[in-house]
Amino acid sequence: MLTDTEILTTLRQHPLFEGLAEGPFQEVCRLAIQRRLDAGECLLHQGEPAERFYVLVQGQMKLTRVLMEGQEKLVEIIQPGQSFGETLMFSGLECNPFSASALKTSSLVSLDSLHYRRLLEAQPQLCLNLLGRFSQRMQQFLDEIDTLAMANASQRVARYLNQELQDGANLVQLHVPKRLIASQLGIQPETFSRILHRLMDAGIIAMERRSIRVLDTPALTGFIQ
């Protein structure tokens, strides 16, 4: 049974639970399991039974998938307040198609997929919230496919920076190591660093540690075309 106030608040504010009546919400909390992971610790492995989904409360998680040729591909970075694994409830997949491990010391909640799916049968509004969540995920993956479809590595990096720009600030914060971003873009880490330095030399961006400021947005956009 979950009792921690921060965890309960995080769950209550999540789109998958904010529409739940108090009774069903307490049922969810009763069956939920709180997990704590050290940095680098694995939560689940690709191929294990997909019986639960997760909400991250603190820290940072990475989802990775090993491709047929043995290469590890970054699928997604999970930030506090986000969930993962919930789409598998309706996919028909019995095993997890990805591995999940902690990038930082992390606290998360493990939830029973079968129990949650049964709750949906009596919660139409919750179903709509879930559809909205899936739509957002789908758009995110479509954007990634569009980026990977670009044969030119410079185009991929430029598109990534454009997508990550903070509104009105022309600023991109790299919340994960560059090697993980390179993996997500399908390029080598040294290639990612080389392109960033090329953009710096051209006066298009300025970089300090994990902060990238776009100095010339039209020029950056030109790399994509």
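When you check LEU43 against the structure, is it closer than 16 Å to LEU120 by Cβ and either surrounded by 16 or more Cβ atoms within 10 Å (Cβ to Cβ) or in the same structural domain as LEU67 (by TED's automatic domain parsing) (or both), yes or no?
no
Can PHE134 be described as under 30 Å from GLY23 (Cβ atoms), touching a residue at least 24 places away in the same chain (Cβ under 8 Å) and surrounded by fewer than 19 Cβ atoms within 10 Å (Cβ to Cβ)?
So PHE134 passes the test.
Output the qualifying pairs, or none if there are none: Cβ atoms under 7 angstrom, residues six or more apart or on different chains, first residue in the stretch 87-116 and at pLDDT 95 or above, second residue assigned to a loop (DSSP other than H, G, I, E, B) and among the charged types (D, E, K, R).
Taking only residues 6 or more apart or on different chains, the pairs are SER101/GLU41; ALA102/ASP38; ALA102/GLU41; THR105/ASP38.
Among all residue pairs at least 6 apart or on different chains, which show Cβ distances below 8 Å where the first residue, located in the stretch 24-42, is closer than 17 Å to PRO80 by Cβ and the second is assigned to a helix (DSSP H, G or I)?
ALA32/LEU11; GLN34/ILE7
Among what's in the stretch 120-156 and is closer than 30 Å to ALA206 by Cα and part of a loop (DSSP other than H, G, I, E, B), pick the residue that is modelled with the highest pLDDT.
Among them, the one singled out is ASN152.
Give me the residue from the stretch 19-40 that is touching a helix residue (DSSP H, G or I) at 6+ places or on another chain (Cβ under 6 Å) and surrounded by fewer than 17 Cβ atoms within 10 Å (Cβ to Cβ) and, out of that set, nearest to ARG133 (Cα to Cα).
Only one residue tops the list, namely GLY19.
Could you list all residues from the stretch 33-79 that are at pLDDT 95 or above, among the hydrophobic types (A, V, I, L, M, F, W, C) and assigned to a loop (DSSP other than H, G, I, E, B)?
Listed by number, the list holds a single entry, ALA39.
Please state which one of PHE25, PHE53 is among the aromatic types (Phe, Trp, Tyr) and touching a strand residue (DSSP E or B) at 6+ places or on another chain (Cβ under 7 Å).
PHE53
Looking for something crowded, with 17+ Cβ neighbours inside 10 Å and not in a strand (DSSP E or B) - is there at least one such residue anywhere in the stretch 103-112?
Looking through the stretch 103-112, at least one residue is crowded, with 17+ Cβ neighbours inside 10 Å and not in a strand (DSSP E or B).
In the stretch 77-99, which residue that is surrounded by 15 or more Cβ atoms within 10 Å (Cβ to Cβ) and in contact with a Ser or Thr (Cβ under 8 Å, 6 or more places away or on another chain) is nearest to HIS175 (Cα to Cα)?
Only one residue fits best here, namely PRO80.
The values are calculated or read from the model by the stated rules, or taken from the named source; none is laboratory data. Note that this is a predicted model, so its numbers are computed, not measured. All Cβ positions, even for glycine, are placed from backbone atoms using ideal geometry, and neighbour counts span all protein chains on display.
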